[in-house]
Amino acid sequence: MPSKGIDGRSHVLATLAGLRHDKLTAHELRDVLQGLREANGALGDIEKAQVAELWRAHDKATRVPGTLVRRLAEVRSRATAAWAEARGRNDFPAFAPHLQEVLKLTRDLADALGYQGHPYNALLDEYEPDARVDEIGAVLSEVKEFLIPFVKRIQESGRKPDLAPVRGPFEHARQEEFCRRVISAMGFDLEGGRFDRSAHPFCTGIHHGDVRLTLRYKDDIAVALFGIMHEAGHGLYEQGSLGAFPRSPLGHVQSLGIHESQSRLWENNVGRSLPFWRRFYPELRAMFPEVLGATGMEQFYAAINDVRPSLIRIEADEVTYNLHIVIRFEIETELMGGGIPVDELPGVWNEKYERYLGITPPDAASGVMQDIHWSSGLIGYFPTYTLGTLNAAQLYAAAERAIPDLAGKVERGELLPLKEWLGDNVHRHGSRFKPRELMTRATGRPTSAENFTAYLKEKYEPLYGLR
Ligand code: ZN
């Protein structure tokens with residue numbers, strides 16, 4: 001879209017957001033929903049879930065006063081602009097007062113929404129319905145206790161994979177062609193979606209017949225390979241859930257921890273696995289003989305599973321990534337409880353990076369100011385990334401129990417049985433069940449760290465000669 005249209009689009013979006021809020025909080029809707037809630041006994045399970053979902057949205061919208069909604073929107077947009085500028089100049093003190101203001105209003109928002117226990121619970125609910133900080137905190141600290149020594153052992157192994165095989169340069173048009181083959185194998189329906197290029201990769205579901213994926217290409221092929229499996233994982237979910245509940249609130253998935261499980265499962269549990277590359281590596285190498293001609297599959301597999309502590313979350317490997325999340329989660333729960341003054345944030349941040357990852361950011365731009373989330377008021381969002389990772393490992397383990405010889409199928413390029421299992425156990429339910437119930441139905445228990453840590457051990461101990 002043309003850049004000169006930003007102003008006009010902002011006005012249109014603001015108007016639409018206002019209209020949506022008016023409709024969602026209207027007395028007419030309240031009367032209808034209340035009537036349906038009273039007649040609950042006469043409704044089927046799906047209808048009940050539909051009413052509950054709409055009531056939840058209506059109830060939350062009516063709790064927050066319009067003045068706070070507008071003030072938050074204004075402060076967030078100013079803070080985001082201030083963050084971008086301050087980050088460029090590496091100037092945390094310039095950003096601090098804006099962050100202070102966002103945090104204050106976010107606490108007001110939590111108060112308006114209402115919560116039991118910790119104010120963070122009110123914020124979490126926006127991204128992960130019914131999640132609670134004590135439960136998530138317990139799971140994340142289990143992940144942390146496992147990861148800190150595990151990452152240390154990997155580092156002390158002395159093995160550092162040669163990254164040259166993924167660095168390329170890989171020609172962009174051929175990368176795109178390869179990605180197209182991968183998403184076809186995954187069962188993403190290109191007649192019910194599109195696959196294009198953009199500056200920032202995304203997946204957006206407009207309708208089950210119109211789910212759009214975008215990608216960007218670098219010389220390094222890992223960006224596109226794992227980017228496309230990630231976005232197509234989201235895309236399969238959108239095609240499935242919107243298709244199961246067309247024009248219904250249940251078609252739109254509320255839980256980011258579940259949504260992210262679908263992208264991470266394809267990106268990591270499938271896309272970074274040995275069986276997958278046994279099937280696809282010969283094809284990739286044939287497409288890029290000038291880059292991969294002398295590289296064996298094992299060497300390529302080691303390169304795409306390189307683990308080493310780094311400063312930037314979005315560039316982290318699948319192991320250390322979760323320590324980046326633990327750090328953000330610990331800090332933001334404390335910020336919401338009023339435990340850390342904003343001007344002490346860079347120090348707290350750096351100290352945690354040193355303790356958990358053994359590295360210290362040289363400046364705020366590669367430290368506390370690297371992510372857009374806090375300036376945009378997205379507080380409570382970070383833990384859903386790790387929940388997604390844990391759910392992915394748990395769902396994949398359940399799929400392995402349910403599908404005979406899943407590894408063999410992946411090795412033959414037969415990815416559709418996995419897509420179908422996910423469709424039956426996750427996609428077709430849309431937002432009908434809360435994450436706890438969905439995970440229990442699909443895997444036998446709510447989200448836990450167990451399958452994830454077992455997966456890491458099984459995969460990385462041989463890779464790094466740890467046993
Ligand atoms: Zn994602």
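Taken together, the values in this text are just the output of simple stated rules run on the coordinates, not laboratory data. Just so you know, these numbers come straight off a predicted model, no measurement behind them. Cβ placement follows ideal geometry from the backbone for every residue including glycine, while neighbour counts extend to all protein chains displayed.
Taking 41 Å as R0, compute the FRET efficiency from the Cβ-Cβ separation of residue 315 and residue 63 and round it to 0.05.
The formula returns an efficiency of 0.60 here.
Taking a threshold of 28 Å on the Cα-Cα distance, which of the pairs 434/457; 409/457; 60/434; 144/459; 144/419 fall above it?
Check vs 28 Å cut-off fails for 434/457; 144/419.
Want the number for residue 366 to residue 34: 0.36 nm per residue separation, take away the alpha-carbon distance, what's left?
Here the answer is 114.5 nm.
Taking every pair of alpha-carbon atoms in the stretch 309-467, what share in percent sits in each 5 Å bin, from 0 to the bin with the longest distance?
In whole percents, the pair-distance histogram is 1, 7, 14, 16, 16, 14, 12, 10, 7, 2, 1, 0.
Where does each of 55, 83 land when they are ranked from fewest to most other beta-carbon atoms within 10 angstrom?
Listed from fewest to most nearby Cβ atoms, that is 55, 83.
Across bins of 5 angstrom width beginning at 0, how are the C-alpha pair distances of the stretch 204-310 distributed, in whole percent?
Calculated P(r), rounded to whole percents: 2, 11, 17, 20, 16, 12, 9, 7, 4, 1, 0.
Let me check against my output: what whole-number percent is the relative contact order of the chain, with C-alpha pairs under 8 Å and at least 6 apart?
Relative contact order of the chain: 20 percent.
Per DSSP helix of 4 or more residues, -39500 (n - 2.57); summed, then divided by the residues of the chain. What does that give at 222 nm, rounded to the nearest 500?
-20500 deg cm²/dmol
Please list, short to long, the whole-number percent of alpha-carbon pairs of the stretch 340-381 in consecutive 5 angstrom bins beginning at zero.
Per 5 Å bin, starting at zero, the Cα-Cα P(r) for the stretch 340-381 comes out as 6, 21, 27, 27, 15, 3 percent.
Taking 0.36 nm per residue of separation and subtracting the Cα-Cα distance, what length does fully extending residue 19 through residue 290 add?
92.0 nm
Taking every DSSP beta bridge with both residues inside the chain, roughly what % is antiparallel (nearest 5)?
45
Let's see if you can work this out: charge +1 on each Lys and Arg Cβ, -1 on each Asp and Glu Cβ, no other charges. What is the dipole magnitude of the chain about its Cα centre, in debye to the nearest 20?
I would put it at about 380 debye.
Computed over the Cα atoms, what is the radius of gyration of the chain divided by 2.2 N^0.38 Å, N being its residue count?
The value comes to 1.00.
When the convex hull of the C-alpha atoms of the stretch 176-247 is computed, what volume per residue in Å³ does it have?
It is 69 Å³ per residue.
Under a crude label model (7 Å from the Cα following the beta-carbon direction), how far is residue 78 from residue 91 in nanometres?
Modelled inter-label distance: 1.7 nm.
Evaluate E = 1/(1 + (r/R0)^6) for residue 112 and residue 218, where r is the Cβ-Cβ distance and R0 equals 41 Å; express this FRET efficiency to the nearest 0.05.
0.45
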